Amino acid sequence: MTEAVEETEAVEELERHISELRAAVRAAVMARDTQRVGSLRRELRQAEQDWEDALAAAEKVRADEGADSAEARRAGPRAGASPSLLPLREQVHEALSLLTVPAAPRLIAVVHEAFFAGTFPTIRLTSMKRDEERSFRTAPFARPYYVCAALTADLLAPARGLLTISTWPMERRVIGSLSPRVDFLTGAIRVAEAIERLPAPVPAARRLLWRFAASIPGAAESAASMDPHDVTLAALAELTVHQAADQATRHAAARRARDQLDDAQQLFGTRIQLAAQARQSGRER
């Protein structure tokens, strides 16, 4: 077992332990067992400090391997990207943090493969999202972030197939009628900017950018002649057309979400609204 895997497993084990301790503290408080509450809280504080130390150690290992990863990216086309040693949720976090907008599992996987030299089967994201919601409902805010659902601006229900990060503002996590195009353009800009920061060309990253550029007027004539700066300018030009109206919709929906939904619903949507959506879809069929 490699050092990176060991550090990652230590972080995950501590996260599970912290969740269990938080649940135990809550039970002790409800039972008015003050002596046990004090003992559990001391143990929880120690576990949280251990988690910080373990995460720092994992980040150090990741940094030490950074040079090797950069070399792998500079090597050009690969026969197949190898699985990352990071937990799946951290891989998703890396890709979404680069895009800065809600994204579908397939795009998340392609971004991670292009920029972080690792891949994963997208089918695993379904169970991962359920695990994230279960973890939050068991011990709210126990983790630094959660991978959660984008919410529809009209129903505040989970948007089908779109993932976000819990630490993003609510305005970025809701989806209106113009949001898919706005987010597509924003994603194109972020990918272009990321390519310009690379020390050497990465074919997989350029292929990804071309998938964006081909659908943006004036971005590029061909994949071979494509320039990331030109893609950014073309995306920004179209973005100015849609952005104001999209922001107005998102701000209004975000206010409703904060007023009407509890913490868990703001991250994962409401089951009642999701059921209503399903019934409406059934009637339309």
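At-a-glance table
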{"read-out": "Residue-level accessible surface for residue 238, protein heavy atoms, 1.4 Å, Å²", "value": "40 Å²"}
{"read-out": "Viscosity 1.567 mPa s, temperature 4 °C, Stokes-Einstein D of the stretch 123-191 from Kirkwood C-alpha radius, µm²/s", "value": "99 µm²/s"}
{"read-out": "Contour excess over end-to-end distance, with Cα ends at residue 26 and residue 53 and 0.36 nm allotted per residue", "value": "7.2 nm"}
{"read-out": "Residues whose placed amide H lies under 5 Å from that of residue 162, excluding near-sequence neighbours", "value": "150"}
{"read-out": "Backbone HN-Hα couplings from phi across the stretch 149-158 [Karplus 6.51/-1.76/1.60, Hz, Gly and Pro as x]", "value": "8, 6, 10, 6, 5, 7, 9, 6, 9, x"}
{"read-out": "Heavy atoms of residue 177 accessible to a 1.4 Å probe, total area in Å² rounded to 10", "value": "110 Å²"}
{"read-out": "Local electrostatic count at residue 148 - Lys and Arg +1, Asp and Glu -1, tallied over other residues with Cβ under 13 Å", "value": "+4"}
{"read-out": "Sites residue 224 and residue 9 - FRET efficiency at Förster radius 51 Å, r taken between beta-carbons, to 0.05", "value": "0.70"}
{"read-out": "Rounded FRET efficiency, nearest 0.05, which uses the C-beta distance separating residue 256 from residue 138 and R0 of 35 Å", "value": "0.85"}
{"read-out": "Neighbourhood charge, 13 Å Cβ-Cβ cut-off, centred on residue 236 and excluding it, Lys, Arg +1 and Asp, Glu -1", "value": "-2"}
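The values are calculated or read from the model by the stated rules, or taken from the named source; none is laboratory data. Computed from a predicted structure; not experimentally measured. So basically every Cβ, Gly included, is an ideal-geometry build from the backbone, and we count neighbours across all protein chains shown. Accessible surface areas use protein heavy atoms only, side chains included; no ligands, DNA or RNA. Shrake-Rupley method; radii C 1.70, N 1.55, O 1.52, S 1.80 Å.
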